[in-house]
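The structure appears below as C-alpha cells.
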Amino acid sequence: MSFSRRLVAAGLLCASVAKGLDLDTFTGQAQVLGRQREMILSQQQGDNEVKPMRMMAEPEADDSDGKCTKKKGCKLGCCGPLDKEGFGICGTGPKFCGTDCTSECDYKSECDPGGWGLKYSNFTTCPLNVCCSDYGFCGTLSSYCKGKTVASPKCDKAKHSSDKRTIGYYEGWNYQRPCGNMEPEDIPLGYYTHINFAFALVNPDTYRLDPMDKGTASRYGRVSALTQQQDGLEVWIAIGGWAMNDPGKYRTVFSDLAKSEKKQDAFFDSLITFLQRYDFDGVDLDWEYPVAEDRGGVEEDFENYVNLLARLRKRLNSSGRKYGLTLTLYTDGVWDENIESLGPYAHAHTNLTEIQQGLELLWRNNINHERVVMGLGFYGRSFTMKSANCLDAGCEFSEGAKGGECTGTKGVLSASEINKVIKNGGKMKLDEEAAVQIVTWDSNQWVSWDDAKTLKMKLDYANEHCLGG
C-alpha cells in the first residue's frame, strides 16, 4: 500500500476542533514503513547513512542481503542487471527497473526523486508536502529531506496556550468494573473544558446510533447535566472506539458508512436527534482505523473519510446549533505485533518524539496550531516482555501484560493500578527523550505511562509550540 493511502497517527492524539476539516487527510504508519524500506534499499545499494528511528521488524523481503537472481526476485524494488556470478541488486528507478532489469521490473517507487518519470514512480511528488528521498520513498527524516526543515510555531510557554482546552474522556462502561469506578457525579468539576463521553456505536443495519449497553446509555444525560454545574463546560459524544472495529457485526460499519451517502444521511439524522435529546455539544469520531485491513478497513476509506467528514460538518452546520466535530488518532500498543513495519516491540503510547513527528506533518500543511490538541493518557499500555534481560523501550514483547484487578484487560493498566504496582515494588525509570515513565515488575511486566513529571514535560512542549489544548 502506498504512502498516500495510509493514515498517520505518528504519535499524535489530536483533534480538529469546531470546523473539523482542516485535518481532512492524515497518512499513517507509512512513516515507519517508509523508513524501513528506505533502510533496506540504502543498505542494498551500499549507503549506510539512513538509520531507522526505532528498532524494526525483519525486512519484509527475502532479499535483505541486497542480492537477487533470475529465480530469486525482489519483494522491494526491481532486480537490476546481473553480474558475472548471476547476482543482481534490488533497487528502484531506471538504473534497476529499466532496460537491464532482470525481474520484478514493474515495481514503482512512491515518488520521483528527479527525472524518473511516472514510468518508474507512482507519483511525481509526495502527499502532504513530505520529502521524496533519493530512492523514491516519502518521509520526513533528514535522510529524506536533505537538510530542509519545517518551521514549527513557537510561543512563550508562560502564556499557557494549551489552557484553551482540556478535554477528558469519560468511560461510560466503567461501572462494570469490580473496582476503580467513577460515576458521572464523581467527575471533578473545574478541571475540564470538554468531556467526551465514550462511546456510542453505529448500528450496522440502520446506521443510527446505538448505545454500548443499557448501563452506558443511562449515563448520557447524567454526564451532560454537569454543564449546569460548570459554566462553559461542553459534553461531546465519542463514536466508535477500539472494540467497534473488532471482529463482529460492527467491524466494517465505518467503512460502509463512509462509502454510502444514503447511509450517512441516516446516521446524520440519528446523530442530530441524539445531540438534541441529551443536550450534547459535539461529536468526536474515533475510527480505529481507516484503511487498516487488520482492523476491517479498505483502501477506499482514504478518500471516503474526507467526504464523510465534509458532509457531516455541513449537516451539523445546518442544524441551527454550532456543534463541534473532532477526530481522534492513537499510536503504539499491542496491535503493533502484527504490523510488519513495526513488529512486537514495546514503545510508549505517548512518546513525545513521535508526537513531534506527527505535529511536523501538520505544520507542513499549514494546519492552524490553535486547533490541534495533544493527547495524553491517564492509563498505560502494558506488555509481557519476551526476555527479562531486555526491559527497555524497543525490546521485544510476547503479549499484553497481565490485566489489572479493576480494568481486567491484557495490555492496559489504569493510573491507579500503575500506582499500586509502584507502591508494591515496581521499578520506575524516566525515558527523558520520550518524556515517559517506564515501570517494570514481576521480572517481565512492562508499562509506560505519564506521571506528574512527564505530564509537565508534555504540557511545556504543547505551550512552547502554541497548541490549542
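Quick note: the coordinates plus some simple rules give every number you see, no bench work behind them. Every value quoted in this text rests on a predicted model; they were computed, and no experiment measured them. Quick reminder, even Gly has a Cβ in these numbers, built from the backbone with ideal geometry, and neighbours come from all protein chains shown.
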**Request:** May I ask you to list the lysines whose Cα is less than 26 Å away from that of Lys314, ignoring any residue fewer than eight positions away on the same chain?
**Result:** Lys19, Lys164, Lys259, Lys262, Lys263, Lys322
**Message:** Between Thr273 and Asn368, what's the calculated FRET efficiency when r is the beta-carbon distance and R0 is 41 Å? Round to 0.05.
**Reply:** 0.85
**Item:** Subset of Lys423/Lys458; Lys148/Lys386; Lys95/Lys146; Lys72/Lys148; Lys249/Lys456; Lys159/Lys420 violating a 30 Å alpha-carbon distance limit
**Value:** Lys148/Lys386; Lys72/Lys148; Lys249/Lys456; Lys159/Lys420
**Message:** Could you give the length gained by full extension between Asp205 and Ala415, i.e. 0.36 nm per residue of separation minus their alpha carbon distance, to one decimal place?
**Reply:** 71.9 nm
**Asked** Mind checking which aspartates and glutamates have their C-alpha under 12 Å from Lys70, skipping anything on the same chain fewer than 8 residues away?
**Response** Asp83, Glu85, Glu104
**Message:** Just to confirm my numbers, what's the Cα centroid distance between the range 81-149 and the range 422-469 in Å?
**Reply:** 39
**Item:** Potential lengthening between Tyr191 and Leu128 on full extension [0.36 nm per residue; Cα-Cα distance subtracted]
**Value:** 19.1 nm
**Fill in**
Rounded to two decimals, the Rg over Rh value of the range 378-449 from Cα coordinates and the Kirkwood Rh reads 0.93
**Prompt:** Spin-label point model (7 Å from Cα, Cβ direction): what's the Ala266 to Ala243 distance in nm?
**Reply:** 2.3
**Item:** Highest to lowest packing among 97-109, 209-221, 150-162, scored as the average C-beta count within 10 Å
**Value:** 97-109, 209-221, 150-162
**Fill in**
If R0 = 56 Å, then Thr69 and Leu376, at their Cβ-Cβ distance, give a FRET efficiency to the nearest 0.05 of 0.65
**Asked** Alpha carbon centre of the range 262-311 versus the range 152-190: separation in Å?
**Response** 23
**Asked** Between His160 and Asn424, what FRET efficiency comes out of the Förster formula 1/(1 + (r/R0)^6) with R0 = 41 Å and r the beta carbon distance, rounded to 0.05?
**Response** 0.70
**Asked** What is the spin-label model distance, in nm, from Glu299 to Asp100 if the labels are put 7 Å beyond Cα along the C-beta direction?
**Response** 3.2
**Request:** Please sort by residue number the GluC sites (Glu not before Pro) in the range 338-402 whose DSSP state is loop and whose Cβ has at most 15 other Cβ atoms within 10 Å.
**Result:** Glu340
**Request:** Considering Cα pairs under 8 angstrom that are at least six residues apart, work out the relative contact order of the range 378-449 and quote it in whole percent.
**Result:** 36
**Request:** Work out how much length Asp460 to Asn181 would gain on full extension: take 0.36 nm times their residue separation and subtract the Cα-Cα distance, in nm to one decimal.
**Result:** 97.4 nm
**Prompt:** Relative contact order for the range 333-469: what is it in percent, counting Cα pairs under 8 Å that are at least 6 residues apart?
**Reply:** 29
**Item:** the range 261-309 - charge dipole about Cα centre, Lys and Arg +1 at Cβ, Asp and Glu -1, debye rounded to 20
**Value:** 280
**Request:** Could you give the size of the charge dipole of the range 378-449 about its Cα centre, using +1 on the Cβ of each K and R and -1 on the Cβ of each D and E, expressed in debye and rounded to the nearest 20?
**Result:** 240
